[in-house]
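Report on one structure; see the data block that follows.
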Amino acid sequence: MLGFVMTTIVVIGGTGLIGSKLVAQLSEQGNEVIAASPDSGVNTLTGDGLAEVLTDAQVVVDVSNSPSFEEREVLDFFTTSTTNLLAATTAAGVGHYVALSVVGTDRLAESPYFRAKIAQERLITESGAAYSIVHATQFFEFVRSIANSATVDGVVHAAPALIQPIAADEVAAAVARTATGEPSHGIVEVAGPEQFGLDELISKSLTLDGDPRRVVTDPQARYFGAVLQERTLIPGTGALIFPTRFDDWATRPSS
Ligand SMILES: NC(=O)c1ccc[n+]([C@@H]2O[C@H](COP(=O)([O-])OP(=O)(O)OC[C@H]3O[C@@H](n4cnc5c(N)ncnc54)[C@H](OP(=O)(O)O)[C@@H]3O)[C@@H](O)[C@H]2O)c1
């Protein structure tokens, strides 16, 4: 008798912005999903709980993030947690390792955060594991954090570089699709449908929030430590483009 074989997927960072949406979507699709995070006893930095949670997993998805973006801490987070997770994944015989990273990561090495993401990706690609990496552009939900990180004395300094942001729900959908497919041993890029100037997008977001901060356009303004060229944050031609527009997301009834 042929039976439905349920896939067991462990989501590391399953309580986060993307993680919680991903857990919901994968569960709705009929998978057995385990949301793992320090609160559920799974800590990728210390290794606690990793062997136990991966026992019956076919797929592990890493959508965790560093609690600190400070140079030493963020590098330690992504290198230590990825090293621990890869070792535990190999030991448990998990067949597919999926990780979420950012479009343009390799062009952003001037930034401590992105140097840590580059290190994370290198550990995965050189590990011998069967992997897939999803590169997403900036989440709509993240624009406020970009504005906060670029604020000096109450004024936001932002480059006019292009940005093509995406709704977090759609990032989760892309990661879910990857997690339930075969390992690609490569990177898939995902983005939203529209390009903005980063300065323009931040202004739009502040206006929608009723935030009085002024935005100054400055080509030398840094993005988490990196100077941006016009297309640093923009995906290549093969990217999967999702349909939700920023204004529709920002003005939807639940926002
Ligand atoms: N922000 C963007 O625009 C953007 C764009 C593209 C890609 N990304 C990538 O997307 C990923 C997820 O981002 P997010 O915004 O969804 O993250 P988030 O909301 O900050 O969630 C982070 C998750 O990681 C968990 N975590 C933290 N330390 C951990 C540890 N030691 N062991 C296990 N889990 C731990 C957290 O658990 P707690 O609930 O206990 O804190 C939480 O579940 C990141 O890798 C980021 O680089 C972000």
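The length gained by stretching the chain between GLU73 and PHE142 to full extension, at 0.36 nm per residue less their Cα-Cα distance, is 22.8 nm.
Across region 1-52, Cα-Cα distances exceeding 16 Å account for 44% of all pairs.
Give me the accessible area per residue for the chain, probe 1.4 Å, as a whole number in Å². Could the numbers behind the result be given before it?
Details: 11940 Å² over 255 residues.
The answer is 47 Å² per residue.
In region 111-167, inverting the average of 1/r over every pair of distinct C-alpha atoms gives 13.9 Å as the Kirkwood radius.
Using only the alpha carbon atoms of the chain, find the Kirkwood hydrodynamic radius as the inverse mean reciprocal pair distance, in angstroms to one decimal.
Values: mean 1/r = 0.0529 Å⁻¹.
After inverting the mean inverse Cα-Cα distance, the result is 18.9 Å.
Compared with the dominant Cα axis of the chain, that is its longest principal axis, helix 168-179 is turned about 30°.
Rounded to the nearest 10 degrees, the angle from helix 17-28 to the longest Cα principal axis of the chain is 40 degrees. Most tightly packed first, judged by the mean number of other beta-carbon atoms within 10 Å of their residues, the peptides 101-110, 150-159, 131-140 read 131-140, 101-110, 150-159.
In whole percent, how big is the carbon plus sulfur part of the accessible area of region 10-148, probe 1.4 Å, protein atoms only? All intermediate terms of the calculation are to be shown ahead of the outcome.
Numbers: 2930 of 5740 Å².
C and S atoms contribute 51 percent here.
Largest first, the three principal axis extents of the alpha carbons in region 1-95 are 54, 28, 19 Å in whole numbers. Which angle between 0 and 90 degrees, to the nearest 10, do you get for helix 198-209 versus the longest principal axis of the chain when only C-alpha atoms count? With both axes taken from Cα atoms, the answer is about 90 degrees. Entry note, the chain: relative contact order of 19 percent, from Cα contacts under 8 Å with a spacing of 6+ residues.
The values are calculated or read from the model by the stated rules, or taken from the named source; none is laboratory data. Quick caveat: nothing in here was measured; it's all calculated off a predicted structure. Because the Cβ atoms are built from the backbone with ideal geometry, glycine has one as well, and the counts that use them run over all protein chains shown. For accessibility, only protein heavy atoms count, side chains too; no ligands or nucleic acids. Shrake-Rupley method; radii C 1.70, N 1.55, O 1.52, S 1.80 Å.
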